[in-house]
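Just so you know, all these numbers are worked out from the coordinates, no wet-lab data involved. Not measured: the values here are computed from a predicted model. All Cβ positions, even for glycine, are placed from backbone atoms using ideal geometry, and neighbour counts span all protein chains on display.
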């Protein structure tokens, strides 16, 4: 306009034709047509101009149709859709900070501002738990709701390394932010740089930190109800649909099969119970009684029990005692083994002790 702010306000006082309402709308369109700005940027700038009048008690009076024109915005760009393999490569070739941005970004699914606010005290107390690890309810800023993020199998070792680096840097207070970046755009720039190093060509798509939020939500929505995945990433849900973070854990564990490349995928409680029953059946087939099995399970966890059972099924030559079938018995007797007992299943206990 070529005039100062004071001159604008003086002109506004005598503006009977609502010239400045029209001028703000024209300003928005000029930014789009002449300057080539995106509608989101042009709309934000026009709102800033309108706010100038409101601040000085000369608020613009827009007709409903004009208010709609001022508010409307259509995004013309599209976010790039990462694959798990691409994120894996980006993590592997990046430094520690890049690795954390990639793996923790897709693990939490938080908005960029909320992700940057994460502190040492938000994550460190839970790092000795099995994945997926709930960090509890985390307050978000945009919708003023609480998210329920999880540390997945990829994010756990990187987060531990970040904490160790914070120790080295003497940043030990629980209130210390994990990342010391000063602006949100820096986070997206880290992701763009990692994608370029990985040889990813996005074409006319946009790479920004929000792509990681979309990566997770797309996969969460394939495994659980809308009310559950929205609760994890921090979007509003009906209060009646609220589920505690602990109850979301089993659902998130299944999602990790699609989102993680680290082989530390946690089993759900249901999966553990099924595995236990299968192992018990195998033990009984080998001739072990319920009491035998129970004694072993009091001394071993599920993994150790499975390994011990596999050893009983396929014993090595160094074992002093074995359980064999009737068909195998002849071969062992020929080697000097002796029969010690015949189990109810028909299998035979032999040993080679001298």
Which order do the peptides 199-209, 252-262, 40-50 take when ranked by the mean count of other beta-carbon atoms within 10 Å per residue, highest first?
-> 252-262, 40-50, 199-209
Report, to the nearest 10°, how far helix 155-168 tilts away from the longest principal axis of the Cα atoms in the chain, using its own Cα long axis and a range of 0 to 90°.
-> 70
Length gained, residue 277-residue 180, 0.36 nm per residue minus C-alpha separation, equals 30.0 nm
Stokes-Einstein, Kirkwood over Cα pairs, region 165-231, 10 °C, 1.306 mPa s; D in µm²/s equals 107
So for the pair residue 169, residue 261, with labels modelled 7 Å out along Cα→Cβ, what separation do we get in nm?
-> 2.5
What's the angle, to the nearest 10 degrees (0 to 90), between helix 269-285's Cα axis and the longest principal axis of the chain?
-> 10
Shape box of region 165-284 [Cα atoms, principal axes, largest first, Å] = 59, 39, 37
Starting from the Cα coordinates of region 5-71, work out the convex hull volume and express it per residue in Å³.
-> 85
Read through the labelled values [x] 61, 59, 47; [y] 113, 43, 41; [z] 65, 41, 40 and report the label of the one computed as Cα extents along the principal axes in Å from the structure.
-> [y]
Kindly express, to the nearest 10 degrees and within the range 0 to 90, the angle between helix 302-313's C-alpha long axis and the longest C-alpha principal axis of the chain.
-> 40
Value of [θ]222 nm, deg cm²/dmol, for the chain, DSSP H segments ≥ 4, -39500 (n - 2.57) each, nearest 500 = -17000 deg cm²/dmol
Could you order peptides 173-183, 119-129 by the average number of other Cβ atoms within 10 Å of their residues, highest first?
-> 119-129, 173-183
Provide the gained length on full extension for the span residue 333 to residue 161, in nm with one decimal, where the gain is 0.36 nm per separating residue minus the Cα-Cα distance.
-> 56.3 nm
Rounded to two decimals, what is Rg over Rh for region 1-126 when you use alpha-carbon atoms and the Kirkwood radius?
-> 1.20
With label points built 7 Å along Cα→Cβ from the Cα atoms of residue 325 and residue 52, find their separation and express it in nm.
-> 8.9
Semi-axes, largest first, in whole Å: what does sqrt of 5 times each Cα gyration tensor eigenvalue give for region 84-259?
-> 24, 20, 15
